[in-house]
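Here the structure is laid out as structure tokens; the discussion comes afterwards.
The values are calculated or read from the model by the stated rules, or taken from the named source; none is laboratory data. Computed from a prediction, not measured in an experiment: that's the story for all the values here. Cβ placement follows ideal geometry from the backbone for every residue including glycine, while neighbour counts extend to all protein chains displayed.
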Amino acid sequence: MEFFNPTLQSLLFGIIFFIQWEATNQWKGPGTTPNLENIVIGRCYDYTATVNPSVGKKNCSAIWEAFKSAFFSKDPCSIFPSDFERYINLTLHDIPINQSLFWENNKELVRRLSDRGNRYMSLGDTLMGWLADDLYFCGSSTDSG
């Protein structure tokens with residue numbers, strides 16, 4: 001006596017596989033930092049006015065829009081480095097010669113060594129890195145905000 005026919009077994013296996021696959025591909029992190037827009041724009045003004053005024057005047061609202069458009073309302077698996085190109089271009093500024101330090105696997109050590117950009121300039125000391133440092137941002141194709 002057969003309890004399931006092969007077609008039904010295949011269908012059930014497919015459904016179970018799909019459910020398990022969906023469950024493992026869901027983001028389980030903390031989600032986007034609350035008030036992300038205000039934080040990014042505020043950090044931009046702080047950086048250009050007090051942290052490193054030598055970068056000159058930047059359009060902080062345009063930088064935010066470029067940053068947001070890189071991931072907002074997008075499937076996290078469909079976001080590519082090229083999506084951040086406009087953000088990168090808007091936040092570019094000169095880095096002093098022989099002072100670049102881009103390795104940041106140990107943030108506190110690098111911060112002490114770089115002396116907040118006075119001795120070396122790490123990625124976190126650039127405008128691009130300063131704006132996103134310690135923030136969470138993730139795309140979602142099913143969430144409009």
**OP:** Look at the stretch 43-57 and say how many of its residues are closer than 23 Å to Tyr136 by Cα and either surrounded by 14 or more Cβ atoms within 10 Å (Cβ to Cβ) or more than 20 Å from the chain's Cα centre (by Cα) (or both).
**Re:** 6
Original post:
Just checking, how many residues over the stretch 58-82 are at pLDDT 90 or above and either buried (at least 16 other Cβ atoms within 10 Å of the Cβ) or not polar (S, T, N, Q) (or both)?
Top reply: 9
Original post:
Just checking, how many residues over the stretch 59-104 are in a loop (DSSP other than H, G, I, E, B), under 20 Å from the mean Cα position of the chain (by Cα) and of a type outside the set (Gly, Ala, Ser)?
Top reply: 11
Original post:
Does Phe13 satisfy the criteria of being at pLDDT below 60 and outside any helix (DSSP H, G or I)?
Top reply: no
**OP:** Kindly establish whether Glu37 is under 22 Å from Met121 (Cα atoms), among the acidic types (Asp, Glu) and assigned to a helix (DSSP H, G or I).
**Re:** no
Subject >> Number of the condition not met by Asn38 [criteria: (1) touching a helix residue (DSSP H, G or I) at 6+ places or on another chain (Cβ under 9 Å); (2) surrounded by fewer than 15 Cβ atoms within 10 Å (Cβ to Cβ)] >> reply: (1)
Original post:
Here are Leu101, Leu123, Leu109: which of them is surrounded by 11 or more Cβ atoms within 10 Å (Cβ to Cβ), at pLDDT 75 or above and more than 17 Å from Thr50 (Cα to Cα)?
Top reply: Leu123
